[in-house]
Amino acid sequence: MRPLIALLIALTSVTNAAEPIRSLDYFQGTWTCNGSFPASGKTIASTMRYDSDLQGKALLKHHDDTSPPQMYHAVESWGYDAKANQFHAVILDNFGGARRFDSPGWQGDTLTWTAAADVQPAQRFVYVRQDQKTYRVDWQVTHDGKDFVVGDTLTCKRQ
């Protein structure tokens, strides 16, 4: 587990990263989310909490499903790498997963986190800012490397 903690710290402790990371301030606070798994039609509910950390150089996210079927729980660390000129995220979850994602940042009202090449199946999280109190996040996967399908979708409202 030590290498995972070291990776988490390394990705979020980049110097001179306060300004770009501030573009993610939109998320700070607690959000209540409801959605579904499109393939099955089953519903899902979650709470997501975002907090600034590392003196404003990282954003920590706690994702907790509040209803079956999955009961997924994760801690995410989002940071900005000034040398690479992009954002990095590490997601640790209660199923033992440790995944790394990269993002160029906001593209209009869309923030896309794309999994590192070693994460299989290939996946991404697409956040769409709908207004100051609402966003949608789609977890998308692909098995052919081209056609992404939505695995689950959540619409989140600020509390």
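The values are calculated or read from the model by the stated rules, or taken from the named source; none is laboratory data. Owing to the predicted nature of the structure, the values given are computational and were not obtained by experimental measurement. Virtual Cβ from ideal backbone geometry, glycine too; neighbours counted across all protein chains shown.
Please tell me if Val126 is surrounded by 14 or more Cβ atoms within 10 Å (Cβ to Cβ) and over 20 Å from Pro38 (Cβ atoms). The answer is no for Val126.
Among the residues making up region 68-87, those that are at negative phi and assigned to a loop (DSSP other than H, G, I, E, B) are Pro68, Pro69, Gln70, Tyr72, Ala82, Lys83, Ala84.
Conditions first: (1) farther than 26 Å from Gly41 by Cβ; (2) part of a loop (DSSP other than H, G, I, E, B). Val90 passes all but one, so which condition is the exception? Evaluating Val90 over (1) farther than 26 Å from Gly41 by Cβ; (2) part of a loop (DSSP other than H, G, I, E, B) leaves (2) as the failure.
When only residues in region 98-112 that are assigned to a loop (DSSP other than H, G, I, E, B) and within 14 Å of the chain's Cα centre (by Cα) count, which is farthest from Asp131 (Cα to Cα)? Going through the qualifying residues, I end up with Pro104. When restricted to residues that are modelled with pLDDT of 50 or more, farther than 16 Å from Leu154 by Cβ and in a loop (DSSP other than H, G, I, E, B), region 2-49 contains 1. Here Gln140 does not fit the description of being closer than 17 Å to Leu24 by Cα and in contact with a strand residue (DSSP E or B) (Cβ under 8 Å, 6 or more places away or on another chain).
Is it the case, given these coordinates, that Val119 is surrounded by 15 or more Cβ atoms within 10 Å (Cβ to Cβ), among the aliphatic types (A, V, I, L, M) and in a loop (DSSP other than H, G, I, E, B)? The answer is yes for Val119.
Criterion applied to Lys61, Lys57 was being among the basic types (Lys, Arg), closer than 19 Å to Trp31 by Cα and buried (at least 16 other Cβ atoms within 10 Å of the Cβ), and the one residue passing it is Lys61. Of the residues examined, Trp113 is one that is surrounded by 16 or more Cβ atoms within 10 Å (Cβ to Cβ), of a type outside the set (Asp, Glu) and free of Cβ contacts under 8 Å to residues at least 60 places away in the same chain.
Filtering region 50-67 down to residues that are more than 21 Å from Lys133 (Cα to Cα) and part of a loop (DSSP other than H, G, I, E, B), which residue is modelled with the lowest pLDDT? Filtering first and then ranking leaves Ser67.
The number of residues in region 98-125 being over 17 Å from Thr153 (Cβ atoms) and among the charged types (D, E, K, R) comes to 4.
Residues checked against (1) among the charged types (D, E, K, R); (2) more than 21 Å from Ser103 (Cβ to Cβ); (3) without any contact (Cβ under 8 Å) to a residue 60 or more places away in the chain:
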| site | (1), (2), (3) |
| --- | --- |
| Ile44 | no, yes, no |
| Arg49 | yes, no, yes |
| Gln55 | no, yes, yes |
| His62 | no, no, yes |
| Glu76 | yes, no, yes |
| Tyr80 | no, no, no |
